[in-house]
Amino acid sequence: MLAELRKADHGFIAQFERHYKHSIEEVWAYLTENEKLNQWFPELEVEELRQGGLIKFNMSDGTQLDMTILDMKFLSVLEYTWGEDRVRFELAAEPGGCLLYLKETIQAVTPHTPKDLAGWHVCLDVIAALLNGTVMDRKREWERMYEQYIQAVEKTAGSL
C-alpha cells in the first residue's frame, strides 16, 4: 500500500502504515540496533539512542550527515531530523503483532521526493521480509514503487 500523501501547513506529510506479525520488541530492534538497522538501511548508524542523541547517515562519498533524535520513547516512538525534514516511527501493539506508522514531514517537494518515498516504502517491506526470514529484490521493487510515487507526488503537489 502506498503512503498517504497530504498537504500540511508547512509542506507535505507522507504517512506509511505496516502491520507486522511480530512483537514491538522485534520491530523496535530493526529501528534502533545498528546490527539490524544495517540490514535494511546500511547508511544509517545510531550513535546515541536518546532524545537529543544522534543518528548518522553515511553518504556514499565518505561524508556523513548528523541527524538529531527529536523524540524517543522506548519501544514506541523514534523521531529524527532528515535533512530539512523529519521522520517519525511509531509502534503500537495489535493482536498478533504490531502496527508501525512512519510519518515523513516534508518541507518542500523536489524531484528527489519520490525517490525518498519509494526508498522508505521498500525499506519497510525489507523489514517485513527480514522479520519473516524471506528475501526480496530491493532494486526491482524500488524501481516499481518509484514510478508509483512519481504519480502520487504529482497528484498531491503538482508537477515536479
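Return yes when Y80 is part of a strand (DSSP E or B), at pLDDT 95 or above and surrounded by fewer than 20 Cβ atoms within 10 Å (Cβ to Cβ) and no when it is not. No: the conditions fail for Y80. Taking segment 83-121 as the search range and keeping residues that are hydrophobic (A, V, I, L, M, F, W, C) and at pLDDT below 95, which one is surrounded by the fewest Cβ atoms within 10 Å (Cβ to Cβ)? Of everything passing the filter in segment 83-121, A108 is surrounded by the fewest Cβ atoms within 10 Å (Cβ to Cβ). Within segment 83-138, being out of contact with any helix residue (DSSP H, G or I) (no Cβ under 6 Å at 6 or more places or on another chain) and of a type in the set (F, W, Y) holds for Y101, W120.
Checking L31, L75 one by one, the residue that is closer than 23 Å to A128 by Cα and assigned to a loop (DSSP other than H, G, I, E, B) is L75 and no other.
Can you find a residue that is within 22 Å of H112 (Cα to Cα) and within 14 Å of the chain's Cα centre (by Cα) anywhere in segment 18-39? No, because not a single residue in segment 18-39 is within 22 Å of H112 (Cα to Cα) and within 14 Å of the chain's Cα centre (by Cα).
Yes/no per residue for (1) surrounded by fewer than 17 Cβ atoms within 10 Å (Cβ to Cβ); (2) part of a strand (DSSP E or B); (3) free of Cβ contacts under 8 Å to residues at least 40 places away in the same chain; (4) of a type in the set (A, V, I, L, M, F, W, C):
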| residue | (1), (2), (3), (4) |
| --- | --- |
| L37 | no, no, yes, yes |
| Q51 | yes, no, yes, no |
| I55 | no, yes, yes, yes |
| D66 | yes, yes, yes, no |
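For segment 92-111, the tally of residues that are in a loop (DSSP other than H, G, I, E, B) and within 23 Å of I69 (Cα to Cα) stands at 3.
Just one of (1) surrounded by fewer than 16 Cβ atoms within 10 Å (Cβ to Cβ); (2) part of a helix (DSSP H, G or I) fails for Q15. It is (2).
The values are calculated or read from the model by the stated rules, or taken from the named source; none is laboratory data. The structure presented is a predicted model; accordingly, all values stated were derived computationally and were not measured. Note: ideal-geometry Cβ built from the backbone for every residue, glycine included; neighbour counts use all protein chains shown.
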